[in-house]
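Undergrad: Here it is: the structure, laid out below.
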Amino acid sequence: MTRVLRVSIAALIALTTVAVVGAERPQQSAPAREQSLLSPRAVLDRYCVTCHNARLRTASLLLDQADVDHPETSAAIWEKVLHKLRAREMPPPGVPHPDDAAYDGLAAYLETALDIAAAARPNPGRPGAYRLNRLQYANSIRDLIGLEIDAASLLPADESSYGFDNVAGSLADMINLTMTREYADLAVKRAQVFLVEHGPTLLAPFSAEAHDYAARVLQRKGVQLRLRQAVTEVASDRVQLSDGTSIPTRTVVWAGGLMASSLADNAGLPRGRGGRIEVQPDLTVEGFPRVYALGDFANVPGADGAPLPQLGSVAQQCGVWTAKNILAEIAGKPRTAFHYHDKGIMAMIGRDAAVAEIGTKRHELDGPIAFAAWIGVHAMLMAGVRERVEAFVDWAWNYFSKTRPVQVLDRSGEGRIDWGTHEERTVTK
């Protein structure tokens, strides 16, 4: 709806611009009138193609080859041109420029054409997605269609080997900064956040300094840490821990890692940790030289032979490498072993709190600098300038206002909740 509305506004602006120019400049000269009537291709050929062509390749814009009659076929190029036109940065100083009417007419034409194409075929960018665990899946089915299912019998077991998933800090920020303002009638300040970690530290892949920093930040936000503890049961009103204690709760966020899709189980291929398919250094499956397995579907070996972590950067690089190997096979050349270019690792903990280890030498950052670096890296992974700008605007608003969009709470069970103070209790077996 937003893009359709913007199309209408852009078209209206274009019409208004032409009308105003005609009304305010009745004495317009013949050359100016000629510029105003030029087609988009004629304007580009006269003022832009001189520099931006296949021979000079200025700024990598080949406007002599780009199809201006169908801008949607090269949207990234025309988005860049549109930005330059609106800022009057094209053509550069010292060379002939079109008049304002030609500038505005070409910009309005490109903006309208791109918005119409975007409305017809929306591209939301690269959505963040994660796999539901059994409890989340069962709750989603219940909430959507009112059907209770036995997820334990229908779905594979949840893997809990990767532990901490950086949600505890954000959850604490939401409770402390957002919900206390939006739900003054609830005893929000009595809410407690527990982080249960099977290992001895948080953020295991990071350095010891990062472990200590993450623990300090979370405890400062009010998060209670339970290290060296395993979850043995998640019930509707509690979480059972391996030491015999339980945490009374009706809200559980599971961040225990990933299991491969059930297709891996049914493919009949050798599998390893997490149910993922074991692959060779060139990312093919042993015994199946024309079958590649990538991303969360595979245990991809690193330089030391150990599986690489389930990260988006690993999956992206695997995809590029596999495409090169396939092209090499077509050309009769041998495949090459995958080499992961380790750019470092980052983890968001909460507002103004993150850790980053950059490059193969692991230069360490933490605090606001790492927080800003995390935002910048994830913004650059988005598709399109418009998506990045919108994300930065949203993030800036959330950061400086210390609020979030209105939270939606299901209060149907509010009457059954005991809002008194809860203490951990020991369960005797």
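Undergrad: So for HIS363, HIS52, fewest C-beta neighbours within 10 Å to most, what's the order?
TA: Sorted ascending by nearby Cβ count, the order is HIS363, HIS52.
Undergrad: State the answer as a single residue: which of ILE330, SER313, SER262 lies farthest towards the positive end of the charge dipole of the range 262-341, with beta carbon charges of +1 for Lys and Arg and -1 for Asp and Glu, about the Cα centre.
TA: Most positive-ward Cα: ILE330.
Undergrad: So, in nm, how far is label ASP394 from label THR360 when the simple model puts each one 7 Å beyond its Cα toward the Cβ?
TA: In this crude label model, ASP394 to THR360 measures out at 3.7 nm.
Undergrad: Also: If a/c stays under 1.5 just call it rounded; otherwise compare a/b with b/c (prolate if a/b is bigger, oblate if not). Do that for the range 262-341, with a ≥ b ≥ c from the square roots of the Cα gyration tensor eigenvalues.
TA: Oblate shape, in that a/c is at least 1.5 and b/c is the bigger or equal ratio.
Undergrad: A follow-up question, please. Just grab the label-to-label distance for HIS339 and LEU225, each label 7 Å out from Cα along the Cβ direction, in nm (one decimal).
TA: 3.8
Undergrad: Run the numbers for ALA42 and ALA76: contour at 0.36 nm per residue of separation, minus the present Cα-Cα distance, in nm.
TA: Full-extension gain reported as 10.2 nm.
Undergrad: Let me ask you something else. Going by average Cβ density within 10 Å per residue, which order do the peptides 107-119, 346-358 take, highest to lowest?
TA: 346-358, 107-119
Undergrad: Still on this model: At 0.36 nm per residue, minus the direct Cα-Cα distance, what do GLN316 and ILE145 gain on full extension? Give it in nm, one decimal, please.
TA: 58.0 nm
Every read-out reported here was derived from the displayed coordinates using simple, explicitly stated rules and does not represent laboratory data. Source: prediction; values computed, not measured. Don't worry about glycine lacking a Cβ; one is built from the backbone with ideal geometry, like all the others, and counts go over all protein chains shown.
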